[in-house]
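The values are calculated or read from the model by the stated rules, or taken from the named source; none is laboratory data. Since the structure is predicted, the reported quantities are computational estimates derived from the model, not experimental observations. Using ideal geometry, Cβ is built from the backbone for each residue, glycine included, and neighbour counts are taken over all protein chains shown. These area figures cover heavy atoms from the full protein model, side chains too; ligands, DNA and RNA do not enter into them. Shrake-Rupley method; radii C 1.70, N 1.55, O 1.52, S 1.80 Å.
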Amino acid sequence: MNSEIYTRILEQALLPFIKNKYDCDDFEFLQDNAPIHKSKLSMNWFKENSIKLVSFPTKSPDLNPIEKIWNGLKNMIEKESAETQEELKNFKKKIGKKFPQKIRAQIKHLDKIIPKILENGGGIQHLKLVSKMIRL
């Protein structure tokens, strides 16, 4: 994936999803420090769309639960072998039931790592990030 594809996905999927699901224009977006996320094209896209970014600290304990969530989704997909449309629909329902629980579990994990953040001198910036993630 490159920055052009990434911003196209944000434009065609993220914005409509946020507006339809949450009916809000004022939100903060969390992404890691992957090169496509930090590229000039991507950063300009966020600026042009007035989307605030949550600063994501480098080299800190795992503050980004999405990495584990994506890994869990990947594992679920790899275990399934949906070959028909019906099997694919059933798999989609299965994910729809299990996935919210996995997200909550990862966010709850943040309670365990907050002390590590403080021990490592993460300070208030890290705590602000954690509190924003918990409110999601």
On the basis of being at pLDDT 80 or above, open to solvent by 60 Å² or more (accessible area, probe 1.4 Å) and either outside any strand (DSSP E or B) or under 30 Å from Ile113 (Cα atoms) (or both), does Asn71 make the cut?
no
I'd like the residue in region 39-55 that is open to solvent by 80 Å² or more (accessible area, probe 1.4 Å) and touching an Asp or Glu at 6+ places or on another chain (Cβ under 7 Å) and, out of all such residues, is farthest from Glu28 (Cα to Cα).
Leu41
Answer from Lys132, Lys59 - the residue that is open to solvent by 100 Å² or more (accessible area, probe 1.4 Å), closer than 24 Å to Lys38 by Cα and either at pLDDT below 70 or of a type in the set (A, V, I, L, M) (or both):
Lys59
Scope region 17-27; condition open to solvent by less than 50 Å² (accessible area, probe 1.4 Å) and over 16 Å from the mean Cα position of the chain (by Cα); matching residues:
Cys24
1 or more residues aromatic (Phe, Trp, Tyr): qualifying helices (runs of 4 or more DSSP H) within region 1-41:
3-9, 15-22
